[in-house]
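Before any comments, here is the structure.
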Amino acid sequence: MLQRAERVIPLGSQTFSKSKINYPEGAAPLFLTHGKGSHAWDVDGNEYVDMVGGLLPLILGYSDPDVNAAIVDQLERGISYSLATEREIELAEMLVETIPCAEMVRFGKNGTDATSGAVRLARAYTGRDRLALGGYHGWQDWYVGATVRNKGVPKAIRDLSDKFNYSDLDSLHALFKAHPGEYAAVLVEPLNSYVPTRDHVEELKELTHAHGALLVFDEVITGFRIAVGGAQEYLGVTPDLASCGKAMANGMPISAVVGSSKIMVEMEEIFFSSTFGGEALSIAAAIATIKKLKNLHVLPKIWDLGDRLARHVSEKISDNGLSDHISLLGLGPWKIVNFAPHTSASKEAIKTYFIKGMLSNGVLITGSHNVCFALTVEDEKFVLGAWEKVLLEISAALKKGDLESNLGCPVIRPVFSVR
């Protein structure tokens, strides 16, 4: 099937992170047929506990019955319309009630849409062009131009984006000093593998505003996952603008840029518009998802399970003497597996061995625990059991010094470093 796909699709996939370059060659499924709850099945009929979660949109799990029912109900009445609909207003009102910084809302179809909308708003509002970037922010020129994968991005655009270390505000101070009065916005993922204190984020906000720039939270991942109102609710710090997506509709394609009305009203002057911005199936799915997140106390369960699994895994890592080489960073709903090199193996080789081993033990995973509501205690035990087996193997291979030579596949190389 891969050969067939590669004849018509570059890399055989629509997404880098779902393609062959993100998995052990010859030892991983590359195509899935269906999913239910926390489980997914590949084209060969193999079943996995899925810890990838579609790259984090599946906050409730595959094929959630309530979200499915909302989609089917809307499908009977139409998908796209010739004018706006009341459901657009309903969802926008819901986001304003839910997200601390949200006073007005516009929809997109993916996270990059929404974050790019925030960038254009910030530039229009401040009359400035330069951006300070502190996280991963999608595929558009203004972000990718600041990475090593910048082929195809004009130099004039690359020169307007500067990266800084979110955990080290001195690096942001240095940018403001080097380019005074030029920054339209500072963009960060408010938390990821790095979990800041509230004071740190408050200092970031004060520094940003002191230099006349807007603070933008990229909550494409953290929105509706860390808290229903996102990391800004969890941290207690309100940005000027924010983008959200992924978990917003449990897998349906929708995103939003939200913020204070004095800035968002610039939407009437800039151009941020798409045929499918009001696509009704995704809006119905988002309304159903957010209602369920609020009414069924979904996130406390996800937090509890995610924290408990991470605690047990961390104990097993320590028991196997691997704490210097494997660790879990971040918060329970999104724990990132961090790898560090050993004298006999690179961190990329250890990660490749880990993914290969977890797959062979029935767990679909890349570099994080993307916990969903459908994950059961039995699934948790299954995943922990897979971890135990793989950690034993990694520990033994590192002691013998033959981990890389026994991989049986090429080492997975990152597309680029993002966090």
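The values are calculated or read from the model by the stated rules, or taken from the named source; none is laboratory data. Note that the structure is a prediction, hence the values are computed from the model and not measured. Methodologically, a virtual Cβ is constructed for each residue, glycine included, from the backbone with ideal geometry; neighbour enumeration extends over all protein chains shown.
Determine, yes or no, whether residue 351 is within 21 Å of the chain's Cα centre (by Cα), closer than 24 Å to residue 221 by Cβ and not acidic (Asp, Glu).
yes
I need a count of the residues in segment 301-316 that are touching a helix residue (DSSP H, G or I) at 6+ places or on another chain (Cβ under 6 Å), β-branched (Val, Ile, Thr) and within 9 Å of residue 375 (Cβ to Cβ).
Here the count works out to 0.
Starting from residues that are touching a residue at least 24 places away in the same chain (Cβ under 8 Å) and not in a helix (DSSP H, G or I), keep the ones in segment 272-290 and report whichever is surrounded by the fewest Cβ atoms within 10 Å (Cβ to Cβ).
The qualifying residue surrounded by the fewest Cβ atoms within 10 Å (Cβ to Cβ) is 275.
Out of the residues in segment 92-115 that are of a type in the set (D, E, K, R) and over 21 Å from residue 137 (Cα atoms), state the one that is surrounded by the most Cβ atoms within 10 Å (Cβ to Cβ).
Here the residue is 103.
Filter segment 317-341 down to the residues that are touching a Phe, Trp or Tyr at 6+ places or on another chain (Cβ under 9 Å) and farther than 16 Å from residue 56 by Cβ and list them by number.
Selection gives 317, 325, 326, 327, 339.
Here are the criteria: (1) within 25 Å of the chain's Cα centre (by Cα); (2) surrounded by fewer than 14 Cβ atoms within 10 Å (Cβ to Cβ). Tell me which single one residue 69 does not satisfy.
Tallying (1) within 25 Å of the chain's Cα centre (by Cα); (2) surrounded by fewer than 14 Cβ atoms within 10 Å (Cβ to Cβ), residue 69 fails exactly one: (1).
All but one of (1) surrounded by 19 or more Cβ atoms within 10 Å (Cβ to Cβ); (2) within 19 Å of residue 277 (Cα to Cα) hold for residue 144; state the number of the condition that does not hold.
(2) is the only condition that residue 144 fails.
Would you check if there is a residue in segment 222-237 being at positive phi and modelled with pLDDT under 95?
Looking through segment 222-237, none of the residues is at positive phi and modelled with pLDDT under 95.
So in segment 68-116, with the set limited to residues that are part of a helix (DSSP H, G or I) and of a type in the set (S, T, N, Q), which one is farthest from residue 279 (Cα to Cα)?
Here the residue is 98.
Mind listing whichever residues of segment 358-378 are of a type outside the set (A, V, I, L, M, F, W, C) and crowded, with 22+ Cβ neighbours inside 10 Å?
Hits for segment 358-378 are 368, 369, 370.
Yes/no per residue for (1) of a type in the set (Gly, Ala, Ser); (2) in contact with a Lys or Arg (Cβ under 7 Å, 6 or more places away or on another chain); (3) crowded, with 20+ Cβ neighbours inside 10 Å:
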| residue | (1), (2), (3) |
| --- | --- |
| 82 | yes, no, no |
| 90 | no, no, no |
| 133 | no, yes, yes |
| 151 | no, no, no |
| 163 | no, no, no |
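Would you check which residues across segment 217-237 are of a type outside the set (D, E, K, R) and touching a Leu at 6+ places or on another chain (Cβ under 9 Å) and list them?
Within segment 217-237, 217, 220, 221, 222, 224, 226, 227, 228, 231, 234, 235, 237 meet the criteria.
Look through 252, 248 and report the one residue that is touching a strand residue (DSSP E or B) at 6+ places or on another chain (Cβ under 9 Å), aliphatic (A, V, I, L, M) and in the same structural domain as residue 161 (by TED's automatic domain parsing).
248
Rundown of residues vs (1) over 16 Å from residue 385 (Cβ atoms); (2) without any contact (Cβ under 8 Å) to a residue 60 or more places away in the chain, yes/no style:
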| residue | (1), (2) |
| --- | --- |
| 308 | no, no |
| 313 | no, no |
| 316 | no, no |
| 325 | yes, no |
| 329 | yes, no |
| 339 | yes, yes |
| 344 | yes, no |
| 348 | yes, no |
| 363 | no, no |
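If I ask for residues that are β-branched (Val, Ile, Thr) and within 22 Å of residue 263 (Cβ to Cβ), which ones from segment 137-194 would you list? Can you show your working first?
Here is the first cut: in segment 137-194, the ones β-branched (Val, Ile, Thr) are 144, 147-148, 153, 157, 186, 188.
Listed by number, the residues that qualify are 186, 188.
Kindly indicate whether any position in segment 156-166 is touching a His at 6+ places or on another chain (Cβ under 6 Å) and either within 21 Å of residue 118 (Cα to Cα) or not assigned by TED's automatic domain parsing to the domain that holds residue 242 (or both).
No, segment 156-166 contains no residue that is touching a His at 6+ places or on another chain (Cβ under 6 Å) and either within 21 Å of residue 118 (Cα to Cα) or not assigned by TED's automatic domain parsing to the domain that holds residue 242 (or both).
Taking the criterion of being modelled with pLDDT of 95 or more, farther than 22 Å from residue 129 by Cβ and touching a helix residue (DSSP H, G or I) at 6+ places or on another chain (Cβ under 8 Å), would at least one residue in segment 169-187 satisfy it?
yes
Given the options 328, 322, 309, 293, name the one that is in a strand (DSSP E or B), modelled with pLDDT of 95 or more, surrounded by 15 or more Cβ atoms within 10 Å (Cβ to Cβ) and not β-branched (Val, Ile, Thr).
328
Assuming residue 384 fulfils every condition listed in (1) within 28 Å of residue 188 (Cβ to Cβ); (2) in contact with a His (Cβ under 9 Å, 6 or more places away or on another chain) apart from one, which condition is it?
Result: residue 384 fails condition (1) only.
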